[in-house]
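Q: Below is the structure I would like to discuss, written out as structure tokens.
The values are calculated or read from the model by the stated rules, or taken from the named source; none is laboratory data. In this text the structure is predicted, and so the values were computed from the model without any measurement. Please note: Cβ atoms are built from the backbone with ideal geometry, for glycine as well, and neighbour counts cover all protein chains shown. Each accessible area value is taken on the protein alone, full model and side chains, heavy atoms only, with ligands, DNA and RNA left out. Shrake-Rupley method; radii C 1.70, N 1.55, O 1.52, S 1.80 Å.
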Amino acid sequence: MPDEIKPIQKIIFGSPGTGKSYEIQKIAINQLKIPFDEATKMLSNTVKTVFHPEYTYADFMGKLLPLTQGNSIIYKFYPGHFIRILGMAYKGLIEANKDHYLLVIDELNRGNAAAIFGTVFQLLDRESDGWSSYEVDISEMELVGLLEAMRLKPIIQDGTIEIKEGNTKIPCEDFCQRRKGELAANNSDGSRVFSLLQQRRINIPPNLSILATINTSDESIYYLDSAFKRRWDWEYVKAPVRGASIPEKLRDVNLIINGELEGAWSHYIVGINELIKSNHQVIRRIEDKQIGWWFIKPEDNQVDLEQVKDKLMFYLWDSVFARDKRPIEEFLSNSDNSVKLTAYSDFLDLMQEFMRKVGELGKK
């Protein structure tokens, strides 16, 4: 393991649009020293996945799927996201390079994380050297998928896994024994990898980090038990409030209404959050309901009222003030006019007035 890089196992959580994915990018570049390609806007040595209600252990570790070849159908094992990144990290250790590898899991709590991780859950405990505290067994097919992810050439011959080298085929156990011995003197981590493979076991290595995100406002989620939670570090990304530093990319962004510049978009974001905070008595978990700088992504340094209508207004109506509409009725009312919001269309009819008042609130 490169001495200057220690593995990170962290969950980044916060309300929508707060920049959780950007925070992961910063951690990857600054702390894990993972290269970022400006052209593709992608991190090197990274496998990314998104959990959802239909995501399973097989998606995470690997699964057999039918493949048509001519008039026949064969079954091929496709390594899952975890096996793929694990194979990349193992290969890095064997080659004794200084690279670090990263698994990114977006929306961790939208899938059944305990079921998805399965026995891999045990590997989340780490020792001071970065290796997992425990090892877990893997199936024959998972081993084949792992070997493929390591860019080796495994084949199954008469029920035996063999590694192809040139024109020869070597039983997997013999191949691992030989490579383990070759690396023992100068590359203990690489030797350890082959020792694990020889036993058909896996262990998370010190050159592999796992970063995940949780959108705390999503109520269609699975519960994360305390045993799962304690195996991670946690980082909360705050929602914008008064006095918060405005991201450079947002400083010149304006809200456009009817083709006219209405005001700095940052004022409206802060105003929305101040409105939510001021109604903490009727809104449950206000930290989760606030919006982030990137809740709506500007286009050409502007946010159009149509974007507000399609995304922000419905979010406020359906998620933030779903239980009680009185706070926004009171916010829109004045001494001359008492507002009553019976349907969502009533709220949309007052959208411009609502945004004007929100902007004023954010300027204070």
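Q: So which residues in region 31-58 are within 25 Å of Leu143 (Cβ to Cβ) and either without any contact (Cβ under 8 Å) to a residue 40 or more places away in the chain or open to solvent by 20 Å² or more (accessible area, probe 1.4 Å) (or both), if there are any at all? So that I can check it myself, show each step before the final result.
A: Step one: of region 31-58, the residues within 25 Å of Leu143 (Cβ to Cβ) are 45-49, 51, 55-58.
Matches in region 31-58: Asn45, Thr46, Lys48, Thr56, Tyr57, Ala58.
Q: Which residue out of Leu305, Leu250, Leu275 is out of contact with any Gly (no Cβ under 8 Å at 6 or more places or on another chain), crowded, with 16+ Cβ neighbours inside 10 Å and either without any contact (Cβ under 8 Å) to a residue 12 or more places away in the chain or under 24 Å from Lys26 (Cα atoms) (or both)? First the steps, then the outcome.
A: Values: Leu305 fails: either without any contact (Cβ under 8 Å) to a residue 12 or more places away in the chain or under 24 Å from Lys26 (Cα atoms) (or both); Leu275 fails: either without any contact (Cβ under 8 Å) to a residue 12 or more places away in the chain or under 24 Å from Lys26 (Cα atoms) (or both).
So the residue among Leu305, Leu250, Leu275 that is out of contact with any Gly (no Cβ under 8 Å at 6 or more places or on another chain), crowded, with 16+ Cβ neighbours inside 10 Å and either without any contact (Cβ under 8 Å) to a residue 12 or more places away in the chain or under 24 Å from Lys26 (Cα atoms) (or both) is Leu250.
Q: Consider Glu162 against the criteria (1) of a type in the set (D, E, K, R); (2) surrounded by fewer than 13 Cβ atoms within 10 Å (Cβ to Cβ); (3) touching a Cys at 6+ places or on another chain (Cβ under 8 Å): it satisfies all of them except one. Which criterion is unmet?
A: Result: Glu162 fails condition (2) only.
Q: Among the strands (runs of 3 or more DSSP E) contained in region 15-133, which hold 2 or more residues that are hydroxyl-bearing (Ser, Thr, Tyr)? Write out each step before concluding.
A: Values: elements: 46-50, 62-69, 72-79, 101-106.
Filter on region 15-133 gives 46-50, 72-79.
Q: To continue, here is another question. Inspect region 95-113 for any residue being at pLDDT 95 or above, more than 22 Å from Trp234 (Cβ to Cβ), of a type outside the set (D, E, K, R) and open to solvent by less than 10 Å² (accessible area, probe 1.4 Å) and give the result as yes or no.
A: Taking every residue of region 95-113 in turn, none turns out to be at pLDDT 95 or above, more than 22 Å from Trp234 (Cβ to Cβ), of a type outside the set (D, E, K, R) and open to solvent by less than 10 Å² (accessible area, probe 1.4 Å).
Q: I've got another one for you. In the list Ser217, Ser226, which residue meets the criterion of being under 23 Å from the mean Cα position of the chain (by Cα), open to solvent by less than 70 Å² (accessible area, probe 1.4 Å) and not hydrophobic (A, V, I, L, M, F, W, C)?
A: Working: Ser226 fails: open to solvent by less than 70 Å² (accessible area, probe 1.4 Å).
Answer to the selection: Ser217.
Q: Right, another one. Pull out all pairs, ordered by first then second residue, where Cβ-Cβ is under 6 Å, the residues are six or more apart or on different chains, the first lies in region 128-146 and is open to solvent by 50 Å² or more (accessible area, probe 1.4 Å), and the second is outside any loop (DSSP other than H, G, I, E, B).
A: Tyr134/Gln122; Glu135/Arg201; Asp137/Arg201; Met141/Phe77
Q: Testing Val50 on (1) within 13 Å of the chain's Cα centre (by Cα); (2) within 25 Å of Pro206 (Cβ to Cβ); (3) of a type in the set (Val, Ile, Thr), one condition comes back false. Which one is that?
A: With (1) within 13 Å of the chain's Cα centre (by Cα); (2) within 25 Å of Pro206 (Cβ to Cβ); (3) of a type in the set (Val, Ile, Thr) applied to Val50, the lone miss is (2).
Q: Determine, yes or no, whether Ile155 is loosely packed, with under 15 Cβ neighbours inside 10 Å, more than 27 Å from the chain's Cα centre (by Cα) and not polar (S, T, N, Q).
A: Yes, satisfied.
Q: Identify the residue in region 114-123 that is β-branched (Val, Ile, Thr) and buried (at least 17 other Cβ atoms within 10 Å of the Cβ) and, among all such residues, is nearest to Lys20 (Cα to Cα). Please lay out each step first, then the result.
A: Kept after step one, since they are β-branched (Val, Ile, Thr), are these residues of region 114-123: 116, 119-120.
Within this subset, residues satisfying the condition of being buried (at least 17 other Cβ atoms within 10 Å of the Cβ) are 116, 120.
Details: Ile116: 22, Val120: 25 Å.
Selected residue: Ile116.
Q: Can you find, within region 173-195, the residue that is farthest from Gly159 (Cα to Cα) among those that are assigned to a helix (DSSP H, G or I) and open to solvent by 60 Å² or more (accessible area, probe 1.4 Å)? Give the steps one after another, and end with the answer.
A: Filtering region 173-195 down to residues assigned to a helix (DSSP H, G or I) leaves 173-183, 188-195.
Narrowing further to those that are open to solvent by 60 Å² or more (accessible area, probe 1.4 Å): 173-174, 177-178, 182, 188, 192.
On the way: Glu173: 13, Asp174: 15, Gln177: 19, Arg178: 21, Glu182: 27, Ser188: 31, Arg192: 25 Å.
So, considering only residues that are assigned to a helix (DSSP H, G or I) and open to solvent by 60 Å² or more (accessible area, probe 1.4 Å), the one farthest from Gly159 (Cα to Cα) is Ser188.
Q: Considering region 332-364 alone, what residues qualify as being surrounded by fewer than 18 Cβ atoms within 10 Å (Cβ to Cβ), in contact (Cβ under 8 Å) with a residue 24 or more places away in the chain and in a helix (DSSP H, G or I)?
A: Matches in region 332-364: Tyr344, Leu348, Met351, Gln352, Arg356, Lys357, Glu360, Lys363.
Q: Mind listing whichever residues of region 198-214 are open to solvent by less than 10 Å² (accessible area, probe 1.4 Å), assigned to a loop (DSSP other than H, G, I, E, B) and either of a type in the set (A, V, I, L, M, F, W, C) or more than 15 Å from Phe121 (Cα to Cα) (or both)?
A: Scanning region 198-214 gives Ile204, Pro206, Asn207.
Q: Could you check Arg323 against (1) at pLDDT below 95; (2) open to solvent by less than 50 Å² (accessible area, probe 1.4 Å); (3) not acidic (Asp, Glu) and say which number it fails?
A: It fails just one condition, (2).
Q: Give the residue, chosen from Ile286, Ile291, that is within 33 Å of the chain's Cα centre (by Cα), open to solvent by less than 90 Å² (accessible area, probe 1.4 Å) and modelled with pLDDT under 90. Quick ask: steps written out before the conclusion?
A: On the way: Ile291 fails: modelled with pLDDT under 90.
Sole residue among the options that is within 33 Å of the chain's Cα centre (by Cα), open to solvent by less than 90 Å² (accessible area, probe 1.4 Å) and modelled with pLDDT under 90: Ile286.
Q: If you take the residues of region 59-94 that are at pLDDT 95 or above and either among the β-branched types (Val, Ile, Thr) or over 28 Å from the mean Cα position of the chain (by Cα) (or both), which of them is surrounded by the most Cβ atoms within 10 Å (Cβ to Cβ)?
A: Residue satisfying both the conditions and the ranking: Ile83.
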